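A quick write-up on the structure given underneath.
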Amino acid sequence: MTTTVREISPSSFFSPDEDVLGEDYNHWILEYWNTFGVPKKDKLKHKVFCMSASRENDMKFDIPQDKGILISPIKYITLTKDEKLEKNKEFMEERCKWEIDIIEDLDLLMDGELLSPYISRLRSTYFKPKQDPGFTALCEGYWLILKPYTLTKGRHHISSFSSCKAGKVQIPADYELTIT
């Protein structure tokens, strides 16, 4: 008989109201956007590895076991020029809410285990993206931060799928992690 040891449990994740390695959850959501598109080696400088990929060939990550891992199967970001922020705040908030409200199907699996029940829907504070000087952004989405040492060393597979109610927007993703 083979015994399978379950690696994932509710205590494997930081909750949104919990201190996340010295910062609040919002800090890491903003860090996700501020590290989007930067080389993987630069993302490793932080206590939490913000798992983002802009191209299919970017979906393989080597992550030290002592890092937290931020995962977001779906999110929406909106930007406005700084001088138009006050005028556009209400629209930005409504748009973020609407874009996430239309999501109906949402699955996140790690090594075949369903993680979707642990995901939190969160909206960021307004922030200034490092890549877009002169703009202010707001985002909303589904987020999950794995605690360090949750995953054993070796290879792990993360897959996610989300779609809007009408099924016109479908976002599948597959990630390969090597925990070192």
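The values are calculated or read from the model by the stated rules, or taken from the named source; none is laboratory data. Because the structure is predicted, anything quoted here is derived from the model rather than measured. Here the Cβ is made from the backbone with ideal geometry for all residues, glycine too, and neighbour counts use every protein chain on show.
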Members of region 41-51 found to be free of Cβ contacts under 8 Å to residues at least 60 places away in the same chain, out of contact with any Cys (no Cβ under 8 Å at 6 or more places or on another chain) and surrounded by 16 or more Cβ atoms within 10 Å (Cβ to Cβ), listed by number: His46, Phe49, Cys50
Odd one out for Thr152 among (1) over 15 Å from the mean Cα position of the chain (by Cα); (2) surrounded by 16 or more Cβ atoms within 10 Å (Cβ to Cβ); (3) within 18 Å of Phe49 (Cβ to Cβ): (2)
Some residue of region 23-33 being among the hydrophobic types (A, V, I, L, M, F, W, C) and in contact with a His (Cβ under 9 Å, 6 or more places away or on another chain): yes
Entirely in region 23-136, the helices (runs of 4 or more DSSP H) that have 3 or more residues that are among the basic types (Lys, Arg) and more than 15 Å from the chain's Cα centre (by Cα): 85-101
Given (1) farther than 17 Å from Tyr32 by Cα; (2) hydrophobic (A, V, I, L, M, F, W, C); (3) without any contact (Cβ under 8 Å) to a residue 60 or more places away in the chain, number of the condition Phe161 does not satisfy: (3)
Failed item in (1) touching a Ser or Thr at 6+ places or on another chain (Cβ under 9 Å); (2) at pLDDT 90 or above, with Leu106 passing the rest: (2)
